[in-house]
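The values are calculated or read from the model by the stated rules, or taken from the named source; none is laboratory data. Source: prediction; values computed, not measured. Cβ placement follows ideal geometry from the backbone for every residue including glycine, while neighbour counts extend to all protein chains displayed. Please note that ligands, DNA and RNA were not included when accessible areas were found on the heavy atoms of the full protein model with its side chains. Shrake-Rupley method; radii C 1.70, N 1.55, O 1.52, S 1.80 Å.
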Amino acid sequence: MTESTQAVTKRGHPGKSRKRGRKTPKGRQVEPVALEEVQVLLGDEPRRRDLLIEYLHLIQDKYGHLSARHLSALAAEMRLAQAEVYEVATFYAHFDVVRENEVPPPALTIRVCDGIACEIAGAQTLLAELCEQFDADVRVVHAPCMGRCDQAPVAEVGHNHMVSTSSAAVVEAANKGRTAHQVPDYIDYDSYVAQGGYTLWRECLSGKRTVEEIITALEHSGLRGLGGAGFPTGRKWRIVRGYEGPRLMAVNCDEGEPGTFKDRHYLERDPHRFLEGMLIAAWAVEAATCYVYVRDEYRAIHELKARELARLEAEGLSGNLKVEIRRGAGAYICGEESAMIESIEGKRGLPRNRPPYVAEVGLFGRPTLENNVETLYWVRDILERGPEWFAGAGRHGRKGWRSYSVSGRVKEPGVKLAPAGITVRELIEEFCGGMQEGHRFKAYLPGGASGGILPASMDDVPLDFGTLEEYGCFIGSAAVVVFSEQDNMRDVALNLMRFFEDESCGQCTPCRVGTEKAVKLMSCDHWDEGLLSELSRTMMDASICGLGQAAGNPINSMLKYFREDIS
């Protein structure tokens, strides 16, 4: 061997005596045992990319967390990059990702809601007391709004919501193992049919009702999207139907706006009225598949829906529509329609830039009809009673009915079916039994956390689409939270901003950084009003979606209406 050949061989170039190959592929290796465990969990289910979040739920439910070994095995089984699986798993708050050498969380987790309604009902005291009661074998953490604001304060023991509760009651439930979700009493299939249910749907299937008749009636009724956007329902159906098929449908049951719980109310009590509206909507736009996206906090609704959908199929009433129920995983941003679409596809819930809009390019690139639960809930009543019945309701020049989620310092909180355009004063006095004893009305949120804050002196503003914008607010999903003179509005605004900071998806800088900076500035003893105002404007003008665009509303409301609470 020449000297030059020896040099090449030592540097790792051609020379068989020095060549060494890798025994394993690069990156984290898949453990055979972990792979087998994942395969058993998935069973015969298809290894489709859009089912990734569903399979992460299966692992989380089985083992209480997502270990690195199981994430690697799932990636291998689904033929996805490990980074792709990891980024999805770490995006959602309800997935406990445990890295190598980290200790898994305890078997039992107790979550205490710190939404604004629970906050003013003593959530922080409840959280502190529970932290003192349990050792390391139980994890006690705070959590964002759980959708039971009318029963505050709320704690979740395992998957069981405990409402209007005390630390003693939570401790007792934890010690007795009452952690399973509870399915409430509701109008089941037989009861619903006995009351005339699915007669309308049968008329659609038989040809007695036409698509044009249905859509025209909805247009004349004035029904709008009741998830917050307020887009006319009939017009949306017509637009989606106008695009070339195949078409799909998605239902938004992911109400995460603090103060909002109307969708849960209807799904738990009269689910078939919603299902009938869903079937009619899918039929009208000729959707082949409907994806029902339900927030993970509503575990009982998942079970309820699966049971009743199976009954519909057994009765031959599902038509040609395939319905898939998808679980959210703890991300408020997925209430935004395009973020929800991304999540249904098994991805992080990052809002899309628009155009194109979901109606044209939605799920899997197909035209998609996206509707809210309450919107579909009204379809049967409007078509049976006539569009004039719905449009004929309303106060102060407004039209229609609205389901107001009312919580806070009122005697009788809950979902209040009232005429659209009702004022908050009328809502409190006529539907909520007045203010709680010892409390005097001071302020209110007309549209949840993102809808701004108004003082009691503005109690005569009609609560509806288009009536609040001139005051820097909006109705959104009609979540009304009432405050009294015992509540400091500065603390309220800070609570709302912390929620936005926690729930920002992080995709755009104005929202991701802006909400964080706003919390720091609002936590100071003295507010830098000029800087906060500039920050609010930046978030509003430059954020991709409604979360960042509305995050500055608490700041703006404080500077405009509650200056006495700032200093």
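For the reader, a short list of remarks on this structure follows.
- C-alpha center-to-center spacing [region 284-300, region 349-368] in angstrom: 16 Å
- Extreme residue, positive dipole direction of region 476-567, given options Cys545, His526, Leu494 (C-beta unit charges): Cys545
- Length available on full extension from Glu564 to Arg99: 0.36 nm per residue minus the Cα-Cα distance, which gives 162.6 nm.
- Distance violations [Cα-Cα > 22 Å] among Lys520/Lys560; Lys208/Lys305; Lys62/Lys176; Lys416/Lys560; Lys517/Lys560: Lys208/Lys305; Lys416/Lys560
- Measuring between their Cα centroids, region 371-397 and region 488-567 lie 36 Å from each other.
- Surface/4 of the Cα convex hull for the chain, nm²: 33.0 nm²
- Phi to ³J(HN,Hα) by Karplus 6.51 cos²θ - 1.76 cosθ + 1.60 over region 366-379, Hz, x for Gly, Pro: 9, x, 9, 8, 10, 10, 8, 4, 5, 4, 6, 4, 7, 4
- 14 Å beta-carbon shell around Gly197, net charge (K/R +1, D/E -1): -4
- Percent antiparallel among DSSP beta bridges (both partners in the chain, rounded to 5): 40 percent
- Charge dipole (debye, nearest 20) of the chain; +1 at Cβ of Lys and Arg, -1 at Cβ of Asp and Glu: 2380 debye
- Residues in region 373-406 that a label on Thr199 would reach, taking backbone N under 20 Å of a point 7 Å out along Cα→Cβ: 377-390
- Computed over protein heavy atoms with a 1.4 Å probe, the accessible surface of region 87-229 works out to 47 Å² per residue.
- Here the simple spin-label model places points 7 Å from the Cα toward Cβ, and for Ala306 and Arg48 these points are separated by 1.7 nm.
- Between region 430-468 and region 106-147, the C-alpha centres lie 28 angstrom from each other.
- For His161, the residues whose amide H sits under 5 Å from its own are Gln182, ignoring neighbours fewer than 5 places away on the same chain, with H placed 1.01 Å from N.
- In plain terms, the chain from Glu529 to Lys176 could stretch by 122.0 nm, reckoned as 0.36 nm per residue minus the Cα-Cα distance.
- Carbon/sulfur fraction of accessible area - the chain, other protein chains in place, 1.4 Å, %: 48 percent
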